[in-house]
Every structure is written in structure tokens, then in C-alpha cells.
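What follows is a single structure, written as C-alpha cells, with notes after it.
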Amino acid sequence: MAKQAGSVRIQLLSDGIEQLLNSAPVAAVCGQEAARIAAAAGEGFEVSEMWRANFGGGRVAYSVRAETYEAKLAEAEDKALTRAVFACRA
């Protein structure tokens, strides 16, 4: 007879999670990861200034975008930014 696994219930405190997602250390990590993605994508890809998303309690967000014609072409033809995002997942 197979053993039945016990169940675990985790209850997250919304206010605590919101404070964590909006904290300076999380913002710093997000900025570092965005910079790593931009570097992996190549020249012409830049990280935006930090902004607040319209979801998740206004959590910290960054964007990486193609700023030059060459970078836009690299994304259109070779998916340089898309590949960089997948390559930088840990």
C-alpha cells in the first residue's frame, strides 16, 4: 500500500509580500537582472528607469528595450533580446 503524503498549507500575508516586493533590496536585484539581460542581448539594448507596475500592488519593474536600429533589427531577425531573457533565467 502506498503512503499518503501529508498536506501543507501555507498562508502568505499580503501586506508582508507587498512590502517585500517593494523593498530596496528587491528593486536592486531587479535592476541587476535587467542589466544582465541587456548585456546578454548586445549593443543597443538598454534598461529603463525603475517604474511601478500597475499590478501586484505597484511592485518595482524594469524594462529592457532595443534603442538603436541595429538592436531592433537583431531582435526582429535573431530574437536577440528574447534569447537573452531565456539565457539569463536562473
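Since every read-out is calculated from the coordinates, none of them should be taken as a lab result. The structure presented is a predicted model; accordingly, all values stated were derived computationally and were not measured. Ideal geometry is used to build each Cβ from the backbone, glycine not excepted, and the neighbour counts take in all protein chains shown.
What pairs come up if the first residue lies in region 37-53 and is under 12 Å from Ser63 (Cβ atoms), the second is among the polar types (S, T, N, Q), and their beta carbons are under 8 Å apart, counting only those six or more places apart or on different chains?
If the second residue must be among the polar types (S, T, N, Q), the pairs left are Val47/Ser63; Ser48/Ser63; Trp51/Ser63.
Among the candidates Ser7, Ser48, which residue alone is among the hydroxyl-bearing types (Ser, Thr, Tyr) and within 14 Å of the chain's Cα centre (by Cα)?
Going through Ser7, Ser48 in turn, just one is among the hydroxyl-bearing types (Ser, Thr, Tyr) and within 14 Å of the chain's Cα centre (by Cα): Ser48.
Could you check how many residues of region 70-90 are among the charged types (D, E, K, R) and in contact with a helix residue (DSSP H, G or I) (Cβ under 6 Å, 6 or more places away or on another chain)?
Looking only at that region, the number is 1.
Does Arg36 meet the test of being part of a helix (DSSP H, G or I), surrounded by fewer than 18 Cβ atoms within 10 Å (Cβ to Cβ) and in contact with a Cys (Cβ under 7 Å, 6 or more places away or on another chain)? Even if it seems obvious, please write down each step before you answer.
Details: part of a helix (DSSP H, G or I): yes; surrounded by fewer than 18 Cβ atoms within 10 Å (Cβ to Cβ): yes; in contact with a Cys (Cβ under 7 Å, 6 or more places away or on another chain): yes.
It is true that Arg36 is part of a helix (DSSP H, G or I), surrounded by fewer than 18 Cβ atoms within 10 Å (Cβ to Cβ) and in contact with a Cys (Cβ under 7 Å, 6 or more places away or on another chain).
So which residues in region 1-53 are among the polar types (S, T, N, Q) and closer than 30 Å to Asp78 by Cα?
Gln32, Ser48
With respect to Ile17, is the statement that it is β-branched (Val, Ile, Thr) and either over 22 Å from Ala87 (Cα atoms) or in contact (Cβ under 8 Å) with a residue 60 or more places away in the chain (or both) true? Give the derivation first.
On the way: β-branched (Val, Ile, Thr): yes; either over 22 Å from Ala87 (Cα atoms) or in contact (Cβ under 8 Å) with a residue 60 or more places away in the chain (or both): yes.
When the stated conditions are applied, Ile17 passes them.
Quick one: in region 67-90, which of the residues that are among the small types (Gly, Ala, Ser) and free of Cβ contacts under 8 Å to residues at least 24 places away in the same chain is farthest from Glu18 (Cα to Cα)?
If we filter region 67-90 for residues that are among the small types (Gly, Ala, Ser), which is where we start, we get 71, 74, 76, 80, 84, 87, 90.
Retained after the next criterion (residues that are free of Cβ contacts under 8 Å to residues at least 24 places away in the same chain): 76, 90.
Details: Ala76: 36, Ala90: 23 Å.
Only one residue tops the list, namely Ala76.
For region 44-82, which positions are surrounded by fewer than 16 Cβ atoms within 10 Å (Cβ to Cβ), among the small types (Gly, Ala, Ser) and in a helix (DSSP H, G or I)?
Scanning region 44-82 gives a single hit, Ala76.
Could you list all residues from region 20-33 that are without any contact (Cβ under 8 Å) to a residue 40 or more places away in the chain and either touching a strand residue (DSSP E or B) at 6+ places or on another chain (Cβ under 6 Å) or assigned to a helix (DSSP H, G or I) (or both)? So that I can check it myself, show each step before the final result.
Narrowing region 20-33 to residues without any contact (Cβ under 8 Å) to a residue 40 or more places away in the chain: 20-32.
Leu20, Leu21, Ala24, Pro25, Val26, Ala27, Ala28, Val29, Cys30, Gly31, Gln32 - these are the residues of region 20-33 that are without any contact (Cβ under 8 Å) to a residue 40 or more places away in the chain and either touching a strand residue (DSSP E or B) at 6+ places or on another chain (Cβ under 6 Å) or assigned to a helix (DSSP H, G or I) (or both).
Considering only region 50-69, how many residues are in contact with a helix residue (DSSP H, G or I) (Cβ under 8 Å, 6 or more places away or on another chain) and among the aromatic types (Phe, Trp, Tyr)?
1
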